[in-house]
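Down below is the structure, laid out as structure tokens.
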Amino acid sequence: MGKFSIFIKSNKFNWTVNKIALLLYAILFIVYQINKNFENLFKGVIGFAFLIGGILYKFSRFGMPEKLNGKLDGFLEFKLDSIIIDQKQYSIDEIEKISIVNNDFYGKVTRFRSGFDSNLSNGVDNHLTLTLNDKRKVSCMFEIYYEQDIRKLDKILINYCSLGKMDFYRLKDILKLESEEIEDLKKTIA
């Protein structure tokens, strides 16, 4: 059995350090346009203060993932005969197709960017979509803490694939298999 926290994304505007810095730069630009003497007095001091403040902030957040823009609430559970999304159970018989996107995990380096926000992921950009026999779609986002956590589900996911609920090529991507493991998996499912 595999269990993951469900992530519910917030629709509220999320202030980030990059957005605040951009707003401050815009305000300073407007003040400069209004009063050209502002540049002579504060240009160097404000620019230097932003640079030092940004560097200190960036290094103070080093090794910390980005802030969640939402909340973790409920659990997603994978079982051989069902999938449970926040206490709502979907029997494998009532599921037509299972789609999983699991390219994120806690602490993953997202990209090297020059802003003030963190370069490390919070691990919640993973998606499950169930297409039920009546064509309804049920989906959720979920958190993966360690990169290999999904590999703990290999028997369950292979079962879903052998039942025709999941595409083989998507399964190999989900499990992040090496070429020799792919051949073994083909034999297992065949």
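The values are calculated or read from the model by the stated rules, or taken from the named source; none is laboratory data. This one's a predicted model, so the numbers in the text were calculated from it and none came from an experiment. Cβ coordinates were reconstructed from backbone atoms using ideal geometry, including for glycine residues, and neighbour counts include every protein chain displayed. Heads up: the accessible areas ignore ligands, DNA and RNA and are worked out on the full protein's heavy atoms, side chains in. Shrake-Rupley method; radii C 1.70, N 1.55, O 1.52, S 1.80 Å.
Below are the figures for this structure:
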{"item": "Accessible area expressed per residue, segment 77-150, with surrounding protein chains retained (probe 1.4 Å, Å²)", "result": "54 Å²"}
{"item": "Exceeding the 25 Å Cα-Cα cut-off - candidates Lys135/Lys165; Lys108/Lys165; Lys155/Lys176; Lys108/Lys186; Lys97/Lys176", "result": "Lys108/Lys165; Lys108/Lys186"}
{"item": "Sites Arg151 and Asn14 - FRET efficiency at Förster radius 30 Å, r taken between beta-carbons, to 0.05", "result": "0.40"}
{"item": "Overall Cα dimensions of segment 133-190, principal axis frame, Å, largest first", "result": "36, 29, 15"}
{"item": "Accessible area (Å², 1.4 Å probe, nearest 10) - Asp167", "result": "90 Å²"}
{"item": "Whole-number D in µm²/s for segment 89-188 (Stokes-Einstein; Kirkwood sum over Cα pairs; 4 °C, 1.567 mPa s)", "result": "87 µm²/s"}
